[in-house]
1. Check segment 30-43 and report whether any residue there is open to solvent by 100 Å² or more (accessible area, probe 1.4 Å) and modelled with pLDDT of 95 or more.
Amino acid sequence: MLIKKITLDEFITLKKAKFSQMDTNGDGVLTQNEMRNYRRNQHQPMRRMF
């Protein structure tokens, strides 16, 4: 098992990138629809496998 350390700055950078992916209209606010659509799209590849 590989254990990698991550700094707070690295963690924040990753989370900001994910937020940007989720914020489809770019207004800096996540709506329920944006969060729902993001989750739905994340599961699409898995659904295609079965």
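1. Taking every residue of segment 30-43 in turn, at least one turns out to be open to solvent by 100 Å² or more (accessible area, probe 1.4 Å) and modelled with pLDDT of 95 or more.
This table checks each residue for (1) of a type in the set (Gly, Ala, Ser); (2) open to solvent by 100 Å² or more (accessible area, probe 1.4 Å); (3) under 11 Å from the mean Cα position of the chain (by Cα); (4) modelled with pLDDT of 95 or more.
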residue	(1), (2), (3), (4)
Met1	no, yes, no, no
Thr24	no, yes, no, yes
Gly28	yes, no, no, yes
Met49	no, yes, no, no
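The values are calculated or read from the model by the stated rules, or taken from the named source; none is laboratory data. The structure presented is a predicted model; accordingly, all values stated were derived computationally and were not measured. The protein model used for the area step is the full one, side chains on, heavy atoms only, and it has no ligands, DNA or RNA in it. Shrake-Rupley method; radii C 1.70, N 1.55, O 1.52, S 1.80 Å.
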